[in-house]
Ligand SMILES: *Cc1c(COP(=O)(O)O)cnc(C)c1O
């Protein structure tokens, strides 16, 4: 079986070493030494000012929304994982959808100004599939209208934009360290901001608002993560460079074997800084997409319809996003994960040729 993704698992002995330390210290959670070590190492590896390790990528977005005081209308993308939209709704905001650019699959900055109303408080955009948004244009609009910007950078571990970590952009960037992501801590997430005051505020938020054992800064939530999760991150960080190299080789190989097929892949915003997190392909029509999916599945290959449905179609929101609806209906993400072999990629290619009726 070839799944769309498989979590990276390091050698168990390396994880065990950390676990033994945890047992010795008998310190499992609440800002323990491994959580601190992971935050420091991430800061160093990513070259960012402030990192907060939190329980998952969804809580990371919710903490960001809360910390920036977003309310009423927030402009967002219809082409992302459901957590981008659900976090807004959960925090009491109304998502206002701005359609995507059909080539990059990111929010189309040319359409943002038309969606701004006196109730707009911010923009929540996703760097889809690890491909950064047109950040310069978005920041310009945000500045002009005094809007806060959050980037959902869940796909962007190690992605660079103009030579800097993409996590450095916006008022806050968030990411996910879920098991299926390029770098993971089993469950986990990150909040990044250049604003020290905001980082301190979010540190209180993620720990119930505690300011010492008996004092509270204000309302908070439990967004902490554990020593066991941090340990997985610390071990996995040792493999990140080889994970990134593997991803690039696999992408290059797909591009080589799929050349000549009527498939479109994404247009990169910053070619140098891409992390090759996903390999999406856009077919000519939904029928062909579903046919290809079926043929692959019949042969034990499981691509995923990322992202389907388009988020403006969710039952609890409204919005008109024809470009995103169209792309959603005819896109598949092909398998990419650390252990994926060339032979397996050849199989994926062979069945795609078959589906598209090319010998
Ligand atoms: C994975 C993902 C999330 C959610 O992250 P979790 O850690 O699973 O909560 C949010 N946004 C995007 C774009 C994602 O891909």
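The values are calculated or read from the model by the stated rules, or taken from the named source; none is laboratory data. On a predicted model such as this, the values are computed, not experimentally measured, just so you know. Cβ: placed from backbone, ideal geometry, glycine included. Neighbour counts: every protein chain shown.
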Return yes when residue 96 is over 17 Å from residue 173 (Cα atoms) and part of a helix (DSSP H, G or I) and no when it is not. no
Segments classed as helices (runs of 4 or more DSSP H), wholly inside segment 162-280, with at least 3 members that are surrounded by 16 or more Cβ atoms within 10 Å (Cβ to Cβ) and within 14 Å of the ligand (Cβ to nearest atom): 227-237
Odd one out for residue 31 among (1) more than 16 Å from the ligand (Cβ to nearest atom); (2) out of contact with any strand residue (DSSP E or B) (no Cβ under 8 Å at 6 or more places or on another chain); (3) under 30 Å from residue 239 (Cβ atoms): (2)
Among the listed residues 102, 78, 109, identify the single one that is within 18 Å of the chain's Cα centre (by Cα) and at pLDDT 95 or above. 78
What tally of residues in segment 281-319 results from selecting those that are touching a strand residue (DSSP E or B) at 6+ places or on another chain (Cβ under 7 Å), within 26 Å of residue 73 (Cβ to Cβ) and surrounded by fewer than 18 Cβ atoms within 10 Å (Cβ to Cβ)? 0
Taking segment 38-57 and keeping residues farther than 19 Å from residue 200 by Cβ, within 10 Å of the ligand (Cβ to nearest atom) and surrounded by fewer than 24 Cβ atoms within 10 Å (Cβ to Cβ) leaves 56
Which residue pairs have Cβ atoms closer than 7 Å, lie 6 or more positions apart in sequence or on different chains, and pair a first residue in segment 63-89 that is within 21 Å of residue 208 (Cα to Cα) with a second residue that is in a helix (DSSP H, G or I) and within 10 Å of the ligand (Cβ to nearest atom)? 65/87; 87/58; 87/61; 87/62
Please determine whether any residue of segment 141-160 is surrounded by fewer than 21 Cβ atoms within 10 Å (Cβ to Cβ) and either under 30 Å from residue 3 (Cβ atoms) or within 16 Å of the ligand (Cβ to nearest atom) (or both). yes
Which residues, taken from segment 71-91, are surrounded by fewer than 24 Cβ atoms within 10 Å (Cβ to Cβ) and more than 11 Å from the ligand (Cβ to nearest atom)? 71, 72, 73, 89, 90, 91
Filtered residue count, segment 320-353, keeping only those that are surrounded by fewer than 20 Cβ atoms within 10 Å (Cβ to Cβ) and not in a helix (DSSP H, G or I): 6
